[in-house]
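J.: Okay, here's the structure, questions in a sec.
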Amino acid sequence: MLILQHPRERHVPINTARLARLSLPDALLRRAVDFEADPVVNAALAGRDGWPPPYLLFPGPNALDLADARPPGPITLIVLDGTWWQAGKLLRRNPRLAALPQLRLAPATPSRYRIRREPHEHCVATIEAIALALRALEGEGDREADDARFAALLAPFDAMVEHQLAFRTRVQDARHRRSALARGPRPARSPRIPGLEALRAAGERLVVVHGEANAWPVRVPGHPPPEIVQWLAWRPATGEAFSAIVAPRGPLAPSAAVQLRLDASTLMSGEAWGAFRARWEAFVRDDDVLCGWGHFPTGTLEREEIRVPATRLDARAAACAWLGARIGTAEACARRLEEAGPPDALAPPAFAGRGGARLDALRRIVEALLRLPTAPPGQPGGGSP
């Protein structure tokens, strides 16, 4: 692991990169804005001198979601430490760093970094991001064992947060204490489930979507960008459905047919891109609210300059927050939600391939989120445990 830290983070007392470096014997920390002259960073970026192939932990549009797959073999995990603005500057100043294949996370719960405000709900502290990434890369699939293994990495971080919160409580002056007593206790707040209110308010504008892509392995030199080859949509209010298998415009990735569970001949004989685009843009409306599993499908389609409504919801973030656990696949998530609230009779997937199974799982997830209480059982606003 190689941590690249923006110099301004060096003197931040509650910075967590130092905790990570001290907790991980094989981790290195380098500090600069421009790393062109740093021989250690140059060797890591080039994958030479014993460094495995490098991957950057950053949620770029083409990043590999660690909830879906792992890179093959050992890797060098490169982590940026700084604010989002500082991380963006590191990428702009270091083009070779920005060109690396990227990995992304989808945290199931909010950050435990309660002493520092995060700009978005999916943002976490550097050490939390490292723990999530290592669990995804090195976890053995045993939830309890993995929890125990990676809890040790976060123990110093949790202790630091609790110490800071306790210190703040002890040293607040009498004026602030009197004001707090005058206000009285704050009412209990329900845990915020990202996107749940918007999902329930969308009504007839809600469209559940899923796309499958012809995606080459990121380690293949000169690999073409991913392109949508199956696009599925369902409008819950009316039951309208959209289905398209689109002929790839570039060469078909070697494992695409197997992964997508569609015959190569079916993919190659799909409809032309222009016909698909015309049908989709006639189906979707500008004020629709698209709901998918993550943002890869809609982001891939948007890069093709096809009309994609601006309002989008991530069913994975909402469902995982409601469950209080990180669930890897839409199918597994649907089963967990249905355990919390019995589903209606399950219908078989309406469409072919892996895309059909995932859209069916998304349908079940959305129906469960619309049916379940606003908060999980045992939480304010939820039912009894």
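J.: Say we look at the range 315-330 and pick out the residues that are out of contact with any Cys (no Cβ under 7 Å at 6 or more places or on another chain) and open to solvent by 40 Å² or more (accessible area, probe 1.4 Å); which of these is farthest from residue 208 (Cα to Cα)?
T.: Among residues in the range 315-330 that are out of contact with any Cys (no Cβ under 7 Å at 6 or more places or on another chain) and open to solvent by 40 Å² or more (accessible area, probe 1.4 Å), the one farthest from residue 208 (Cα to Cα) is 324.
J.: Filter the range 209-224 down to the residues that are in contact with a helix residue (DSSP H, G or I) (Cβ under 8 Å, 6 or more places away or on another chain) and either more than 20 Å from residue 359 (Cβ to Cβ) or open to solvent by less than 40 Å² (accessible area, probe 1.4 Å) (or both) and list them by number.
T.: Taking the range 209-224 and keeping what is in contact with a helix residue (DSSP H, G or I) (Cβ under 8 Å, 6 or more places away or on another chain), we get 209-215.
Passing the criteria: 209, 210, 211, 212, 213, 214.
J.: To continue, here is another question. For the range 260-285, what are the residues that are of a type outside the set (A, V, I, L, M, F, W, C) and out of contact with any Lys or Arg (no Cβ under 7 Å at 6 or more places or on another chain)?
T.: 263, 265, 266, 269, 270, 271, 274, 277, 279, 285 - these are the residues of the range 260-285 that are of a type outside the set (A, V, I, L, M, F, W, C) and out of contact with any Lys or Arg (no Cβ under 7 Å at 6 or more places or on another chain).
J.: Determine if the range 290-302 includes at least one residue that is farther than 25 Å from residue 136 by Cβ and either free of Cβ contacts under 8 Å to residues at least 60 places away in the same chain or surrounded by fewer than 18 Cβ atoms within 10 Å (Cβ to Cβ) (or both).
T.: Yes, the range 290-302 has at least one match.
J.: Within the range 238-249, how many residues are touching a residue at least 24 places away in the same chain (Cβ under 8 Å) and either in a loop (DSSP other than H, G, I, E, B) or of a type in the set (Asp, Glu) (or both)?
T.: 5
J.: Still on this structure, I have one more. Just checking, does the range 334-355 include any residue being under 23 Å from residue 235 (Cβ atoms), part of a helix (DSSP H, G or I), in contact with a strand residue (DSSP E or B) (Cβ under 6 Å, 6 or more places away or on another chain) and at pLDDT 85 or above? It would help to see each step written out before you state the result.
T.: Taking the range 334-355 first, the residues under 23 Å from residue 235 (Cβ atoms) are 334, 337-338, 341, 343-355.
Going one step further and asking which of them are part of a helix (DSSP H, G or I), we end up with 334, 337-338, 353-355.
Cutting the leftovers down to in contact with a strand residue (DSSP E or B) (Cβ under 6 Å, 6 or more places away or on another chain) gives us 355.
When the remaining residues are screened for being at pLDDT 85 or above, the result is 355.
Looking through the range 334-355, at least one residue is under 23 Å from residue 235 (Cβ atoms), part of a helix (DSSP H, G or I), in contact with a strand residue (DSSP E or B) (Cβ under 6 Å, 6 or more places away or on another chain) and at pLDDT 85 or above.
J.: Might you check whether a residue that is surrounded by 13 or more Cβ atoms within 10 Å (Cβ to Cβ), more than 24 Å from the chain's Cα centre (by Cα), on the phi < 0 side of the Ramachandran plot and not in a strand (DSSP E or B) occurs anywhere in the range 228-237?
T.: Within the range 228-237 (the criterion being surrounded by 13 or more Cβ atoms within 10 Å (Cβ to Cβ), more than 24 Å from the chain's Cα centre (by Cα), on the phi < 0 side of the Ramachandran plot and not in a strand (DSSP E or B)), the answer is yes, since at least one residue qualifies.
J.: Looking only at the range 321-333, filter to residues that are closer than 14 Å to residue 143 by Cβ and in a helix (DSSP H, G or I); which one of those is modelled with the lowest pLDDT?
T.: If we filter the range 321-333 for residues that are closer than 14 Å to residue 143 by Cβ, which is where we start, we get 323-328, 332.
Those left that are additionally in a helix (DSSP H, G or I): 323, 332.
Numbers: 323: 81, 332: 86.
Going through the qualifying residues, I end up with 323.
J.: Report the residue count in the range 250-276 for those that are over 27 Å from the mean Cα position of the chain (by Cα) and surrounded by 12 or more Cβ atoms within 10 Å (Cβ to Cβ).
T.: Going through the range 250-276 one residue at a time, the tally reaches 11.
J.: Give me the strands (runs of 3 or more DSSP E) completely within the range 19-112, filtered to those with at least 2 residues that are of a type outside the set (A, V, I, L, M, F, W, C) and crowded, with 16+ Cβ neighbours inside 10 Å, ordered by residue number.
T.: 54-57, 76-81, 102-104
J.: Considering each residue of the range 23-62, count those that are free of Cβ contacts under 8 Å to residues at least 12 places away in the same chain and closer than 21 Å to residue 127 by Cβ, and give that number.
T.: Looking only at that region, the number is 1.
The values are calculated or read from the model by the stated rules, or taken from the named source; none is laboratory data. The structure displayed is predicted, hence computed values, not measured ones. As a convention, Cβ positions derive from the backbone with ideal geometry for all residues, glycine included, and neighbour counts pool all protein chains shown. Only protein heavy atoms, including side chains, enter the accessible area calculation; ligands, DNA and RNA are left aside. Shrake-Rupley method; radii C 1.70, N 1.55, O 1.52, S 1.80 Å.
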